[in-house]
1. Quick check: is even one residue across segment 211-221 open to solvent by 30 Å² or more (accessible area, probe 1.4 Å) and closer than 29 Å to residue 257 by Cβ?
2. Given the criteria assigned to a helix (DSSP H, G or I), touching a helix residue (DSSP H, G or I) at 6+ places or on another chain (Cβ under 7 Å), more than 14 Å from residue 129 (Cβ to Cβ) and not aliphatic (A, V, I, L, M), does residue 17 qualify?
3. I need the full set of residues from segment 1-47 which are of a type in the set (Gly, Ala, Ser), within 30 Å of residue 173 (Cβ to Cβ) and either more than 17 Å from the chain's Cα centre (by Cα) or at pLDDT 85 or above (or both), in order please.
4. Consider residue 173 against the criteria (1) over 17 Å from residue 52 (Cα atoms); (2) of a type in the set (Ser, Thr, Tyr); (3) open to solvent by less than 40 Å² (accessible area, probe 1.4 Å): it satisfies all of them except one. Which criterion is unmet?
5. Taking the condition part of a helix (DSSP H, G or I) and in contact with a Lys or Arg (Cβ under 9 Å, 6 or more places away or on another chain), does residue 359 pass?
6. Residues of segment 325-356 being part of a helix (DSSP H, G or I), charged (D, E, K, R) and more than 23 Å from residue 304 (Cβ to Cβ), which ones?
7. Pairs only if they're at least six apart or on different chains, beta carbon under 9 angstrom, first in segment 369-383 and farther than 16 Å from residue 409 by Cβ, second surrounded by 18 or more Cβ atoms within 10 Å (Cβ to Cβ) and of a type in the set (Asp, Glu); list them, first residue then second.
8. Does residue 190 fit the bill of being crowded, with 18+ Cβ neighbours inside 10 Å and modelled with pLDDT of 85 or more?
Amino acid sequence: MKINVYIHRSVYAILDSIIIALFSFVYVITVVRSIPKEEYGVLVLCDSIRVFLILFGDLSIGQALIKYAAEKDDSELPLVNFHSLLLKFILTIFSSSILFFFSEGIATIFHVPRLAILLRWVPLILFAVLCNYFIRQLLIAKQKLKQVFWTDCFVLGNFVFFLTLFKLTGHLSNGIEVIWIVALSYFISSIPGLWFAREYLKFKNQLQIEWLKRITRFASYSFINSAGVQIYSKIDLFMLAYFMVSPMSIAVYNIAHLFTNFATVINDSMNAIVFPESAKIDLSLGEISRERIRKIYETASGFLFLLAIPVTLILFFFPEFILRVFYGEKYQEAASLVRVFAFWGLLHPFYRIAASVFNGIGKPEWNAQLTWFGAVINILVNLALIPKLGVFGAAITSLITSASVLLIYWIILNKQFNIRPLFIDFHYMKNIIFNRK
């Protein structure tokens, strides 16, 4: 076993997840303490729309980039890069146009006039993220996790620098200034990223319809899946706004929901290993390939579940203390919501790893169908609970939706691969992390 393989495959994946978590918490803590509660609630709605558009214009194509750049030899990499970047640029232009022309209508739907003003500035982030994420996704495809880690370190470092600069100059008091800080952080961090990925930044400026179809086909399934994820993870915010819950209540709800990032970040660090590993499996090998898939899923999800247990216990028993440490006395009313969301972290590892495996083996349509099933469940339950229970009803709906989707995932996994939930093969997990055959 080579030590550099261990570092790239395990240590840097974990360190990168820590950096991403730090970015999220630095962002929230600083913004929450710097801008009014109502302005933060509007910014939360704006960010939810922004995330959906990034999925549409960037991450869906990025999943195709990761898959094809990981499984194809370097001779086809210039074609993969060219067509992926071209599609990302076109979709980002389209998303920006929607925000420019329809921001007023969107704000009217959610009864928040201030939202229109913030949405017009979001394209700054969309184009900055396009540059940064293309490099990051290419490095993930090639399993250069050390370089991914340092790229994200530059994002965090730039973010802290601009936060400090804006704060010291008295320009951190509203959502527009926060958007500028985020955009500058991602864009400037792309410069060292270009250096890290220089050997893979090969382009062949030859438009091929076949490659457009292949990338678009995979990306469409990935987008449908990701859109479903965002709908059943963000629809609660939109429905709270639609039912005219105040931006301040939305701010409180989002503060509680943010603690689910503990589970998301940890699970995504494992995804950086599981997705490329699954993409290498040849399903034509029959039982041999099914056995590898079974071991990957059981071990990765079970290991993440064990990590989630202590986090869940801390969030459930000490929410007031945690809220006071991070946000002062401003959001103590979010404690009961934090207790509800604590249990979400126990469910997330199982369907997150399942989604990674399905994408890796070329079955993104399975994820698309399941996530839209979850989206429908989320909408229906939210319609029933939000009018009666408000933000607490939305939190309960998140648990019901997650449990429902996980049940279907397990049925499919058991039928296709005979999985055993909560079974952990530590020896096989070590082989995956250390990149052993």
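The values are calculated or read from the model by the stated rules, or taken from the named source; none is laboratory data. All values reported here derive from a predicted model rather than from experimental measurement. FYI the Cβ positions are ideal-geometry reconstructions off the backbone, even for glycines, and counts take in every protein chain you see. Heavy atoms of the whole protein, side chains included, go into the accessibility calculation; ligands, DNA and RNA do not. Shrake-Rupley method; radii C 1.70, N 1.55, O 1.52, S 1.80 Å.
1. Step one: of segment 211-221, the residues open to solvent by 30 Å² or more (accessible area, probe 1.4 Å) are 212-214, 216-217, 220-221.
Next, only the ones that are closer than 29 Å to residue 257 by Cβ stay: 220-221.
Checking segment 211-221: at least one residue is open to solvent by 30 Å² or more (accessible area, probe 1.4 Å) and closer than 29 Å to residue 257 by Cβ.
2. Values: assigned to a helix (DSSP H, G or I): yes; touching a helix residue (DSSP H, G or I) at 6+ places or on another chain (Cβ under 7 Å): yes; more than 14 Å from residue 129 (Cβ to Cβ): yes; not aliphatic (A, V, I, L, M): yes.
The answer is yes for residue 17.
3. The initial filter retains those residues of segment 1-47 that are of a type in the set (Gly, Ala, Ser), namely 10, 13, 17, 21, 24, 34, 41.
Then keep just the ones that are within 30 Å of residue 173 (Cβ to Cβ); that gives 21, 24, 34, 41.
Of everything in segment 1-47, those that are of a type in the set (Gly, Ala, Ser), within 30 Å of residue 173 (Cβ to Cβ) and either more than 17 Å from the chain's Cα centre (by Cα) or at pLDDT 85 or above (or both) turn out to be 34, 41.
4. Only one criterion is unmet by residue 173, namely (3).
5. Values: part of a helix (DSSP H, G or I): yes; in contact with a Lys or Arg (Cβ under 9 Å, 6 or more places away or on another chain): yes.
In short, yes.
6. Kept after step one, since they are part of a helix (DSSP H, G or I), are these residues of segment 325-356: 325-327, 332-342, 344-356.
Narrowing the set further to residues that are charged (D, E, K, R) leaves 333, 339, 352.
Hit for segment 325-356 is 333, nothing else.
7. Here the result reads 382/236, each pair linking segment 369-383 to a residue that is surrounded by 18 or more Cβ atoms within 10 Å (Cβ to Cβ) and of a type in the set (Asp, Glu).
8. On the way: crowded, with 18+ Cβ neighbours inside 10 Å: yes; modelled with pLDDT of 85 or more: yes.
When the stated conditions are applied, residue 190 passes them.
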